[in-house]
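Participant: Let me give you the structure first, and then I'll get to my questions.
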Amino acid sequence: MLRILVVEDNAVFRGYLRTVLEAEGFAVVDVGDGADALDELARSGADLILLDLIMPAARIDGLGLLGHLGARAELRKIPVAIMSGLGGVVDDALAPATAEKLRICSVIAKPFTADDLLGKVRAILGLPAG
Amino acid sequence: MKTHRPDVLVLDIRMPVKDGLQVLRELRAEGDATRVVLLTASLDDDETLEAMRLGARGMLLKDMSPRLLIQCVRKVHAGDMWLERASAARTLQTLLRREAGTREIESLLTPREMEVLRKVLQGLRNKELAEVLHVSEGTVKTHLHSIYEKLRVDSRAALIVYCRDKGII
């Protein structure tokens, strides 16, 4: 079963993402902080990370977690989909070469529907469209 | 904040004793999610980035018209953002490029070599590096030689140029 790690500081939204993804048959672990994400990755790894870029109260926020993922060889290969409430800023900022180096496969602009999310997740994981 | 519980907080970045970003850091550390608009005399990239990371929903230049301030507050209150898109994108691009450059180099060097590189980029000479890392100068030179070979540079100056080109400094 494919395993998705959701890193999102809004607990209600995190719960929603977990419900949507589990209903599609994914194994989901959700955390509210990049520090907890690193612990979880050390324990069990992931096939995909859904990452909230801005987490103001986190010990390690989304941007910080990107840096930590790069520092460890075993984590560098995990694809990352960024969830962002910054509108088009992330798309404007992310050059293709940079995205490739950071393994950022997709930017999902908030707010998004369950169908938007699942479409992107399936595409990243190479699964047929639902 | 605790007394009035505003819907939107308009905060000057520059204030004596405690600046706006420090106030915002403390609010966020307490779990306060009040929507914040920061007022600033100029858009500094580092401040823009920190404001974004702290979840500020708007940044306004102080010399903008009062009408724009009203529009900004209304937009932020409605749940939208008021960030100068090009400036925010440029700031974020710098950071993401730095992370990508760091990751590229980390894939080529050992953790110890990365540690040496970081200290070199902080300006430490070989003798200082040896002291900080608790090794001999000979060991430092060995690490540097390995770094130069792996990154295909031939000097400290070339190494710094390489790191600058990768966006790390």
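The values are calculated or read from the model by the stated rules, or taken from the named source; none is laboratory data. None of the values given here were measured: they were computed from a predicted structure. For neighbour counting, all protein chains shown are included, and Cβ atoms are generated from backbone atoms with ideal geometry for every residue, glycine included.
Participant: Scan the stretch A:107-116 for residues that are outside any loop (DSSP other than H, G, I, E, B) and not charged (D, E, K, R) and jot them down.
Facilitator: Once the filter is applied, which keeps residues that are outside any loop (DSSP other than H, G, I, E, B) and not charged (D, E, K, R), the stretch A:107-116 yields A:Val107, A:Ile108, A:Ala109, A:Ala114.
Participant: Go through (1) in a helix (DSSP H, G or I); (2) without any contact (Cβ under 8 Å) to a residue 12 or more places away in the chain for B:Val153 and report which single condition fails.
Facilitator: Among (1) in a helix (DSSP H, G or I); (2) without any contact (Cβ under 8 Å) to a residue 12 or more places away in the chain, the lone unmet condition for B:Val153 is (1).
Participant: Of all residues being within 30 Å of B:Lys150 (Cβ to Cβ) and among the β-branched types (Val, Ile, Thr) in the stretch B:69-104, which is surrounded by the fewest Cβ atoms within 10 Å (Cβ to Cβ)? Just the residue, please.
Facilitator: This residue is B:Thr94.
Participant: So, one more: Against the condition at pLDDT below 90 and hydroxyl-bearing (Ser, Thr, Tyr), how does A:Ser84 come out, does it pass? Spell out the reasoning first.
Facilitator: Values: at pLDDT below 90: yes; hydroxyl-bearing (Ser, Thr, Tyr): yes.
Yes.
Participant: I'm told B:Ser107 meets every condition in (1) at the interface with chain A (Cβ under 8 Å from one of its Cβ atoms); (2) among the hydroxyl-bearing types (Ser, Thr, Tyr); (3) buried (at least 17 other Cβ atoms within 10 Å of the Cβ) except one. Can you identify the failing condition by its number?
Facilitator: (3)
Participant: Kindly list the number of the only condition in (1) surrounded by fewer than 16 Cβ atoms within 10 Å (Cβ to Cβ); (2) farther than 18 Å from B:Gly101 by Cβ; (3) more than 8 Å from chain B (Cβ to nearest Cβ); (4) of a type outside the set (A, V, I, L, M) that fails for A:Arg72.
Facilitator: (2)
Participant: Which residues, counting only those in the stretch A:75-92, are at the interface with chain B (Cβ under 8 Å from one of its Cβ atoms), over 22 Å from A:Ser44 (Cβ atoms) and in contact with a helix residue (DSSP H, G or I) (Cβ under 9 Å, 6 or more places away or on another chain)? Steps first, answer last, please.
Facilitator: Keep residues of the stretch A:75-92 that are at the interface with chain B (Cβ under 8 Å from one of its Cβ atoms), which gives A:76, A:85-90, A:92.
Now narrow it down to the ones that are over 22 Å from A:Ser44 (Cβ atoms): A:85-90, A:92.
Passing the criteria: A:Leu86, A:Gly87, A:Gly88, A:Val89, A:Val90, A:Asp92.
Participant: Within the stretch B:116-146, which residues are within 14 Å of chain A (Cβ to nearest Cβ) and surrounded by 15 or more Cβ atoms within 10 Å (Cβ to Cβ)?
Facilitator: Across the stretch B:116-146, the qualifying residue is only B:Leu117.
Participant: Can you pull out the residues in the stretch A:9-45 that are surrounded by fewer than 22 Cβ atoms within 10 Å (Cβ to Cβ) and among the small types (Gly, Ala, Ser)?
Facilitator: Listed by number, the residues that qualify are A:Ala11, A:Gly15, A:Ala23, A:Gly25, A:Ala27, A:Gly32, A:Ala35, A:Ala42, A:Ser44, A:Gly45.
Participant: Take the residues in the stretch B:8-24 that are among the hydrophobic types (A, V, I, L, M, F, W, C) and touching a Leu at 6+ places or on another chain (Cβ under 9 Å); name whichever of them is surrounded by the fewest Cβ atoms within 10 Å (Cβ to Cβ). Before you say what the answer is, go through the steps one by one.
Facilitator: Taking the stretch B:8-24 first, the residues among the hydrophobic types (A, V, I, L, M, F, W, C) are B:8-11, B:13, B:15, B:17, B:21, B:23-24.
Cutting the leftovers down to touching a Leu at 6+ places or on another chain (Cβ under 9 Å) gives us B:9-11, B:13, B:21, B:23-24.
Working: B:Leu9: 21, B:Val10: 17, B:Leu11: 20, B:Ile13: 22, B:Leu21: 20, B:Val23: 19, B:Leu24: 24.
Here the answer is B:Val10.
Participant: Continuing with the same structure: Please tell me if A:Asp91 is at pLDDT 90 or above and either more than 25 Å from B:Met52 (Cβ to Cβ) or of a type outside the set (A, V, I, L, M) (or both).
Facilitator: no
Participant: List pairs: first residue in the stretch A:34-61 and on the phi < 0 side of the Ramachandran plot and in contact (Cβ under 8 Å) with a residue 24 or more places away in the chain, second residue in a loop (DSSP other than H, G, I, E, B) and basic (Lys, Arg) anywhere in the structure, Cβ distance under 8 angstrom, at least six positions apart or on different chains.
Facilitator: Going by the 8 Å Cβ cut-off, the qualifying pairs are A:Gly34/A:Arg59; A:Ala35/A:Arg59.
Participant: Then there is this: So in the stretch B:25-59, with the set limited to residues that are more than 10 Å from every other protein chain (Cβ to nearest Cβ) and more than 19 Å from A:Leu86 (Cβ to Cβ), which one is surrounded by the most Cβ atoms within 10 Å (Cβ to Cβ)?
Facilitator: B:Leu39
Participant: Another question about this same structure. Name the residue that is nearest to A:Gly64 (Cα to Cα), counting only residues in the stretch B:60-98 that are touching a residue at least 60 places away in the same chain (Cβ under 8 Å) and within 14 Å of chain A (Cβ to nearest Cβ).
Facilitator: Ranking the candidates gives B:Arg98 first.
Participant: Something else about it: How many residues does the stretch A:93-106 contain that are outside any helix (DSSP H, G or I), within 11 Å of chain B (Cβ to nearest Cβ) and under 16 Å from the mean Cα position of the chain (by Cα)? Reasoning before the result, please.
Facilitator: The initial filter retains those residues of the stretch A:93-106 that are outside any helix (DSSP H, G or I), namely A:94-95, A:102-106.
Imposing the further condition that a residue be within 11 Å of chain B (Cβ to nearest Cβ) reduces the set to A:94-95, A:102-104.
Those still in the list that are under 16 Å from the mean Cα position of the chain (by Cα) too: A:94, A:102-104.
The qualifying residues number 4.
Participant: For the stretch B:15-54, which residues satisfy the criterion of being within 23 Å of B:Ala86 (Cα to Cα) and either among the charged types (D, E, K, R) or in a strand (DSSP E or B) (or both)?
Facilitator: Hits for the stretch B:15-54 are B:Arg35, B:Val36, B:Val37, B:Leu38, B:Leu39, B:Thr40, B:Asp44, B:Asp45, B:Asp46, B:Glu47, B:Glu50, B:Arg53.
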